[in-house]
Amino acid sequence: MRLPIGYDIFHSIIEQNLDFIDKSLFIKEVIDDITQIILITRPRRFGKTLNLSMLHHFLAAEAFKQSTQDLFDGLQITTVDNGKYLEHQGKYPVIFVTFKDVKDHNFDNAYACLKRLVSDLYSEHQYLLDSPKIRANDKKLFSAIVQGKAAKTEIEDAFKLLSKYLLDHFGVKPWLLIDEYDTPIQAAYLHGYYDEMIGFMRGLFGAALKTNPYLYKAVITGILRISKESLFSGLNNIEVYSVLQNEYSQYFGFTETEMDYILKETNLEAKATEIRSWYNGYQFGETIVYNPWSIVHCVKKNGGLAPYWVNTSGNDLIKNLVINSGLDFKGQIELLIQNIPIQTTLSEHVTFGDLQTNEDAVWSLLLAAGYLKVTSSEYTEQGPIYTLAIPNKEVHSLYREMVERWLTGTKSIMWYNRFLDNLLQGNIDEFAKSLQEVMLQIVSVHDVAKEPEAFYHGLMLGLTASLDKTQYELKSNKESGLGRYDIVIIPVAPATTNPAIILELKSVKSSANLEQEAKQALAQIAERQYEAEIKQRGINKIVKIGLAFCGKEFKIIV
């Protein structure tokens, strides 16, 4: 198959005869939707831009100065319901704009980019300057926008004004298609000019969408639903379709049926299980979907498995939030990395100002952005409680990288790997030296003071959470022998010569008691026979470690 990589203009795919998974019934769903303003939120690179481009080409008689008349021949939209939707093909003026490239480091540059974007949009419709139905004053403002000379308030009104001009010229209300509306807002949050950007975008969207009598319908895509900042305040004619809703669920990403077809056509059926484990796991409403970006690259590499999606740009916000989060949140992340689901509430109305103080907002962002999936939900008096998990191996690799970055700080991943190797091989002296560097670099006394036992347990789980699950089994607080051990690492590869590791942790208030408590921890391993489970597996090479902490100090006894 010649699946398109990086193509997001519909006519380019058709004209080059590239293989295309037919998502044209998306057009039917949009036309049938009685809502005037449709907001669809999906993770990046799941086909939002291409779907809007397809809708653009269907509705407009021309797109980018090319006829759209024959582009849909043979696609499902032409035959469904006896072809009745063809009455809409090429019948509307369309305003199509994408904000995906508006992500500068300061507001002045971002606004200049937005101004150029609006200028280019008006240039696409420059034929309106020759229309006898457009007033002279309107043509003067139109020219000012094209030339980049319009005032800021006029730029904020640009979408509404253009919809009026198109209605005046064609006598038909236009569609407004806005792609990745939230990209400028995310960039502004990351780079510190959030208030300026949200103020401008509020004016732009308010004019275009709120009581705009010249507009037929708007379809908007993005990653997040941003509403509490009043970006869409006063809009009673908007419907939001997030990853939790069933509507439009099959049109973004590849469904199971589509994946079966792709694997068959590319002779990759033998690798289906591995491919599913890497790129499956997303769930939009009740539909299981695969990451299309990764699948297309996997097919191109003849089934080669790699983190194609997570290695593209767009992870900065996620990484910053996870790495700079508090101890409790990191503890939840560590559970997820161990493939242990967590339960939490969610808020679909994400406020960027809440991301530093409200964990529900962060979990909601991770879900909307494709870094988590909902496995189940339960409705309670307090509202719905969702069970969340990491979707697949590809995303799991990103979480491992984030934890490693948190733990290593300014040090390299090579340093971190050596740190783990020293523990796994039983080189306790070298392990202790590296652990001291970790304690000095990333441990906050403020965090320790809250719940010392939980903190140190979470820290050691985090330090070992990136272990290769095909080589080692990491277990915590499980019964063995006569009690519950703190942490056990068991090699699962038969050929390994590395020992099993038993870690028993203690927290003390005075550093003078460190050695005594570390000895007591080591003695507890023997007294309660924590090695019983390991020996049952036929492993006799075991390193037992008593580890006592006090603030940033510790003592190891083996």
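Rule-based calculations on the coordinates, nothing more; no lab input. What you are looking at is a predicted structure, and each value in this text was computed from that prediction instead of being measured. So basically every Cβ, Gly included, is an ideal-geometry build from the backbone, and we count neighbours across all protein chains shown.
Points worth noting:
- Placing pseudo-labels 7 Å out from each Cα toward the beta carbon at Asn358 and Asn236 gives an inter-label distance of 2.5 nm.
- When the square roots of the Cα gyration tensor eigenvalues are ordered a ≥ b ≥ c, the ratio a/c for the range 184-269 is 1.5 or more and a/b exceeds b/c, which makes its shape prolate.
- Overall form of the range 88-213 per C-alpha gyration tensor (a/c, 1.5; a/b vs b/c): prolate
- Pairwise centroid distance, computed over Cα atoms, of the range 486-538 with the range 34-90, Å: 62
- Ratio Rg/Rh, restricted to the range 13-116 and using Cα atoms, in which Rh is the Kirkwood radius: 1.02
- Each peptide in 531-544, 34-47, 245-258 receives the mean, over its residues, of other Cβ atoms within 10 Å, and ordering these scores from highest gives 34-47, 245-258, 531-544.
- Relative to the longest principal axis of the Cα atoms of the chain, the long axis of helix 194-209 makes an angle of roughly 40 degrees.
- When the C-alpha to C-alpha distance is required to be over 32 Å, the pairs from Lys103/Lys210; Lys100/Lys301; Lys100/Lys160; Lys319/Lys509; Lys133/Lys217 that qualify are Lys319/Lys509.
- For the chain: rounded, prolate or oblate by the Cα gyration tensor [a/c cutoff 1.5]: prolate
- Based on C-alpha pairs under 8 angstrom that are at least 6 apart in sequence, the range 213-297 has a relative contact order of 30 percent.
- Mean separation of Cα contacts under 8 Å (6+ apart) over length of the chain, as relative contact order %: 11
- For the range 23-123, relative contact order (Cα pairs under 8 Å, six or more residues apart, normalised by length) works out to 25 percent.
- Tyr379 paired with Ala112, simple spin-label distance in nm, labels 7 Å along Cα-to-beta-carbon: 5.2
- Taking amide H positions as modeled 1.01 Å from N, with prolines and chain starts lacking one, the residues under 5 Å from Ile385 and 5 or more places away or on another chain are Glu378, Tyr379, Thr380.
- Alpha carbon centroid spacing (whole Å) that separates the range 114-144 from the range 342-377: 41
- Net lengthening on full extension, Ala151/Leu18 (0.36 nm per residue, minus Cα-Cα): 43.6 nm
- Considering helices alone, the calculated mean residue ellipticity of the chain at 222 nm is -12500 deg cm²/dmol, with DSSP H runs of length four and up weighted by -39500 (n - 2.57) and normalised per residue.
- Angle between the chain longest axis and helix 48-59 axis [Cα atoms, degrees, rounded to 10]: 20
- The length gained by stretching the chain between Asp73 and Lys264 to full extension, at 0.36 nm per residue less their Cα-Cα distance, is 66.3 nm.
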